[in-house]
Structure formats: structure tokens, C-alpha cells
Amino acid sequence: MVTERIYIDRNNIDKKLLERAGKVIREGGLVAFPTETVYGLGGDALNRDSSAKIYSAKGRPSDNPLIVHICRYEDIHVIASDISDMAVKLAEALWPGPMTMIFNRKSIVPKETTGGLDTVAVRMPGDDVALGFIRAAGNFIAAPSANSSGRPSPTSADRVIEDLGGRIDMVIDAGRSDIGLESTIIDMTSDVPMILRPGFITGETVERICGRVAYDPAVFGSENKGVRPRAPGMRYRHYAPKGELTVISGERDRVRSYIIERTAECRSNNVRTGVMIAEDDDEWVERYKSTSDLVINIGSALDEDKIAANLYEALREFDDREIEEIYSEEFNTKRLGQAIMNRLLKAAGHKVVRL
Ligand code: TXA
Ligand code: MG
């Protein structure tokens, strides 16, 4: 199969092109498309064969449910039931946007889409290209992130093609995704909204709107070993580069001398290393370069939006350069720190050196 790539200008959206993409979906094909979080791999959410195709294109385990993307609030009632007042409030405040809510599933949604579950995840993305595409495709798009299973999510069409080129019908290219981390997932099936996957929408925001919030303990990662995450997808090793990634945690000077020591040792053994930091200036980029093959400064420690936006692309750049061992400093930022560290620790398979 040849994957067709179409270009859409966000400032002047070509509806005819989106119509063509929509037709591919209506005929049972797969189209990768941009969202404000990451690129998604879309198929018709109400067609069991399309969902089956998504799993096979990604190499994804079929018990890991897909998110159904909608383009109008009222469509929530077509696919989900028992929608609480709190859920309506959240939708009104945060949709379209980087939030996914989980509800009881209506039978119109095939079990293939929900990985066999009786619940369904719903999201209305905050990206006009995505919304136009969903509308053109018939209003219900099932979409996981458009990466091969286990790899970092793609934030550009190039990265989608790298993983899925030749396996899907089309990619809509509208440039880089703004946010760079997948949506916040909130389980709305019990009385208190529960965060299953942290993201750009924080628990504080949910609490402000609903008065209450709970967290799946697995969100906090390695501190809770043995806790089974409620979102099936959070149970797998995920977001991982091919090189061995280790997070180095602790007091800054010690972290830095440890990384210098380790990378120097690797170099003397002909092992290619990479280092990831978040710094205002490039002083430490230069220092690390003396012992390491690729040093990536993913953005000022004060600009957490930028760290989030660059994280997955950086992990993929280490792969481009065939880095075998990657050392990352910890990014303890205020608002998005939880989401960023959740992804980084998963990418590292929870390999952390605490100094
Ligand atoms: O930002 C996003 O959410 C992106 C864009 C494309 O919208 N999508 C995305 O999809 O990240 P995916 O498939 O990579 O991650 C979906 C996560 C998985 O961890 C999955 O297990 C969980 O959502 N999930 C989906 N339906 C669920 C359900 N009914 N109950 C619990 N977890 C669910
Ligand atoms: Mg994913």
C-alpha cells in the first residue's frame, strides 16, 4: 500500500481535501491526522473492521481500547450513557481540548473499538483540522496515537510515516502538534472523576471545575510498584526509544558529575551515549558534548510547555542517531511536571538512578 500524504494549511483549511480524507474513512480505510496533542491514527469508530485494522497497523495488543474522537458535544450521547452533570461541566469548560473522558459504552460502538470493555473513551480535540476531518468522516473517529506500538507518540507527519508508512492509506500533514503529550484521561464512571493518565489538563483544573478529583495510584509510577493501571494502555512499556534510557534523579551537581562519569566510561567502551537536559542556556550542552555523542536541550526549565512539546521528538532523535545509552535529567516542573515525568519514566521502563 502506498501512503498518500496531503498537506493542510491551518490558516486556510481546504475542505475539499478533508472531504477526500473523510471518504477514505467512510470506505473503511485508515488516515493519520493531526491533533493538538499528538498525531492520531484514525478509522471509523463504528466499524469493527476499521478498528481491527488500526490494531494491526500499529502492532497494538487488541485489549488496549481506542479513544473515540467527536466534533460536536451532543455526539457524546450517541456513543455513551450515564453522563453526569460533572461530565457536562468538564466538557463545557475544556472541550474542544486535550481531555478524554470515560463513560459507559452504548452498543453502537463495537467492542473491537473499546478493546472488549463496556466503557468508551471520548474526546473532542481542540484542533480545527482534526474537527473538520472528523466531520468529513462521519463524526466518530477511533484513534490511538499514530506510532508503532511502544514507540514515542508522533508530533509530526514525518514521524507518522517513519512508523506507519506503507501500512495506512493517508496522512494529513498540518505541521507540528502544539502540546506534544497525549490527552488527560479522566474516568467518569464513578462519583469522583479519576485521572488515569496525566496530561496538559491538570488534576487541579478538574478539581476546580468538579469540586473533587481522584488519581489512579498508578499515575505516580514507580513509587507504586505492583499497582495495575486502570487504563490498559498504561500497563505496557511505552513511549520508549530504542536506546536504553535512564533517568538520573537527585541534587543537580551530583546528577551532572554522575552523567559525565557514565558517558565518559561508555565512550571508552565505544558505546554511543545521549544526554537530555532542560536548560536556559547551552553551557551544559557544551560540557556534556565532551563525553557524549548527542546532547539535546529540550527547552528552558522555566518553559514547561516547550519541554512537553519537545519530549517525544527528542526521544526519536536519539534513535535517529543510533544512541545506545541515554541519560536524562529529571524535569520537576510545576504544572506539567506530573505528565512529563509520567511519560519519561514510562519511556525509561522506570529505570531511575537516585543519587
Ligand atoms: O491525545 C490523545 O489522547 C491521543 C490523540 C490522538 O487523541 N490519543 C491517544 O490514544 O493517546 P492512545 O490509544 O495512544 O491512548 C489511549 C489510552 C490508552 O492508554 C488506553 O488504554 C486508554 O486510553 N483507554 C481508552 N479507552 C479506555 C477505557 N474505556 N477505559 C480505560 N482506558 C481507556
Ligand atoms: Mg499511544
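The values are calculated or read from the model by the stated rules, or taken from the named source; none is laboratory data. All values reported here derive from a predicted model rather than from experimental measurement. Using ideal geometry, Cβ is built from the backbone for each residue, glycine included, and neighbour counts are taken over all protein chains shown. Accessible surface areas use protein heavy atoms only, side chains included; no ligands, DNA or RNA. Shrake-Rupley method; radii C 1.70, N 1.55, O 1.52, S 1.80 Å.
Overview of results
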{"read-out": "Of all DSSP beta bridges in the chain, antiparallel share, percent nearest 5", "value": "40 percent"}
{"read-out": "Computed accessible area, Val271, all protein chains, 1.4 angstrom probe, square angstrom", "value": "40 Å²"}
{"read-out": "Per residue, in Å², the accessible surface of the chain once ligands and nucleic acids are set aside, probe 1.4 Å", "value": "42 Å²"}
{"read-out": "Full-extension gain in nm, Arg252 to Ile83, via 0.36 nm per residue minus C-alpha separation", "value": "56.2 nm"}
{"read-out": "Taking only Cα atoms of region 138-245, radius of gyration then Dmax in Å", "value": "16.2, 47"}
{"read-out": "Three-way shape call for region 298-355 based on the alpha-carbon gyration tensor, with the a/c threshold at 1.5", "value": "oblate"}
{"read-out": "Förster radius 45 Å - calculated FRET efficiency between Lys289 and Ala93 (Cβ-Cβ, nearest 0.05)", "value": "0.50"}
{"read-out": "Largest to smallest accessible area among Arg208, Arg267 [probe 1.4 Å]", "value": "Arg208, Arg267"}
{"read-out": "Highest average packing first - 122-133, 65-76, 332-343, Cβ atoms within 10 Å", "value": "122-133, 65-76, 332-343"}
{"read-out": "Choice from Ser62, Ser81, Ser290 with maximal GNM fluctuation in the chain (Cα, 10 Å cutoff)", "value": "Ser290"}
{"read-out": "In Å², nearest 10: area of Asp191 left accessible to a 1.4 Å probe", "value": "130 Å²"}
{"read-out": "Surface/4 estimate of mean projected area, convex hull on alpha-carbon atoms of the chain, nm²", "value": "17.5 nm²"}
{"read-out": "Per-residue HN-Hα couplings for region 63-70 [Karplus 6.51, -1.76, 1.60; θ = phi - 60°; Hz; x = Gly/Pro]", "value": "9, 9, x, 9, 8, 8, 9, 10"}
{"read-out": "Antiparallel %, DSSP beta bridges [both residues in region 4-180], to 5", "value": "65 percent"}
{"read-out": "5 Å binning of all Cα-Cα separations within region 244-354, expressed as whole percents from 0 upward", "value": "2, 13, 24, 27, 22, 9, 2, 0"}
{"read-out": "Which of Arg105, Arg237 is most accessible, then next, and so on - probe 1.4 Å", "value": "Arg237, Arg105"}
{"read-out": "Relative contact order for region 225-344, counting Cα pairs under 8 Å that sit 6 or more residues apart, in percent", "value": "33 percent"}
{"read-out": "Whole-Å semi-axes of the ellipsoid equivalent to region 55-105 (Cα gyration tensor, √5λ, descending)", "value": "24, 13, 10"}
{"read-out": "Förster radius 25 Å - calculated FRET efficiency between Tyr73 and Asn11, Cβ distance, rounded to 0.05", "value": "0.50"}
{"read-out": "Exposure rank, largest accessible area first [Ser56, Ser145, Ser84; 1.4 Å]", "value": "Ser56, Ser84, Ser145"}
{"read-out": "Amide H within-cut-off set for Asp127, under 5 Å, with H built and near neighbours excluded", "value": "Glu36"}
{"read-out": "Distant-in-sequence amide H partners of Ile186 (H built 1.01 Å from N, under 5 Å)", "value": "Thr100, Met101, Ile102, Leu196"}
{"read-out": "Most mobile of Met86, Met101, Met170 in a GNM of the chain (Cα contacts under 10 Å)", "value": "Met86"}
{"read-out": "GNM result for the chain, Cα springs below 10 Å: residue of Ala301, Ala143, Ala32 fluctuating most strongly", "value": "Ala301"}
{"read-out": "Normalised contact order of region 292-338, rounded percent, pairs of Cα under 8 Å and 6 or more residues apart", "value": "41 percent"}
{"read-out": "Ratio of the Cα radius of gyration of region 1-104 to 2.2 N^0.38 Å, where N counts its residues", "value": "1.19"}
{"read-out": "Cβ-Cβ FRET estimate between Arg48 and Ser268, R0 fixed at 51 Å, reported to 0.05", "value": "0.40"}
